[in-house]
1. Which of the numbered conditions does R5 fail, given that it passes all the others? Conditions: (1) surrounded by 15 or more Cβ atoms within 10 Å (Cβ to Cβ); (2) assigned to a helix (DSSP H, G or I).
2. Scan the stretch 154-165 and tell me whether some residue there is buried (at least 19 other Cβ atoms within 10 Å of the Cβ), at pLDDT 90 or above and either aliphatic (A, V, I, L, M) or closer than 17 Å to Y96 by Cα (or both).
3. Which residues, taken from the stretch 124-152, are touching an Asp or Glu at 6+ places or on another chain (Cβ under 9 Å) and surrounded by fewer than 20 Cβ atoms within 10 Å (Cβ to Cβ)?
4. Suppose the filter is of a type outside the set (F, W, Y), modelled with pLDDT of 90 or more and part of a loop (DSSP other than H, G, I, E, B); does P142 pass it?
5. Which pairs turn up if I take residues in the stretch 67-85 that are over 18 Å from G174 (Cα atoms) and look for partners that are in a loop (DSSP other than H, G, I, E, B) and charged (D, E, K, R) with beta carbon separation below 6 Å, at least 6 apart in sequence or on another chain?
6. Where in the stretch 29-104 are there strands (runs of 3 or more DSSP E), lying fully within it, with 3 or more residues that are at pLDDT 85 or above, under 30 Å from G156 (Cβ atoms) and in contact with a helix residue (DSSP H, G or I) (Cβ under 8 Å, 6 or more places away or on another chain)?
Amino acid sequence: MSILRSAAVVLLCAGVGQYLLAMATPRLIMEALHRTVGERYGHNTLNVAHTPDASSRDVVRPSPDLIYGVCAYDLTDGPVAISADVPRRYWSMQFYQMNTNNFAGFTNKRGGETGAGETFKVTLVGPAHRATDHSGTVVRSPTDRGVMLLRASAIGDSDITRTAVQRSTCEAVGKQDQGVKS
């Protein structure tokens with residue numbers, strides 16, 4: 001009977017351990033990403049990465065056919081304004097909370113909300129802020145911290161696309177009114 005009881009305890013501990021690991025791993029990954037991007041480029045600042053190659057690992061399994069931009073946002077002190085020029089080819093803006101859940105996204109494909117040549121603007125607000133205080137497209141983040149990822153096709157007119165992505169911004173609301181660039 002003690003062998004059966006010991007086996008049950010081991011299985012229970014293994015199951016609880018696996019559950020805790022599964023719950024903690026996404027948060028640990030995002031904490032590391034948020035910290036690394038924040039330390040390297042600053043929070044609420046868009047960084048456009050170099051074109052990935054086989055050695056690139058800033059993004060998991062990056063595609064050499066995409067241009068990436070990333071903003072580690074922190075909404076503790078207030079909303080963040082994001083502005084992105086939309087190129088002709090594939091483009092998307094995705095928002096991730098600190099457990100890796102994608103909670104909002106926009107694209108210029110598949111009946112997307114944006115069109116080529118337009119400037120797409122989003123105000124990102126935290127859980128404690130009122131979305132009604134802002135006009136236009138407002139996205140409520142379920143967490144004060146997270147990551148916004150821009151992706152655009154580098155196939156064909158990659159110089160035009162890279163320029164469009166590089167003109168994109170991610171900055172605290174109010175900074176864009178003062179002409180201050182993060």
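The values are calculated or read from the model by the stated rules, or taken from the named source; none is laboratory data. The model shown is predicted, which means the values in this text are computed figures rather than measured ones. Here Cβ is always computed from backbone atoms with ideal geometry, including for glycine, and neighbour counts include all displayed protein chains.
1. (1)
2. Going through the stretch 154-165, the residues buried (at least 19 other Cβ atoms within 10 Å of the Cβ) turn out to be 154, 161, 164-165.
Cutting the leftovers down to at pLDDT 90 or above gives us none.
The answer is no; no qualifying residue exists.
3. P127, A128, T137, D144, R145
4. On the way: of a type outside the set (F, W, Y): yes; modelled with pLDDT of 90 or more: yes; part of a loop (DSSP other than H, G, I, E, B): yes.
Taking the combined requirement at face value, the residue satisfies it.
5. Listed by first residue and then by second, the contacts come to D85/R167.
6. 66-74, 80-85
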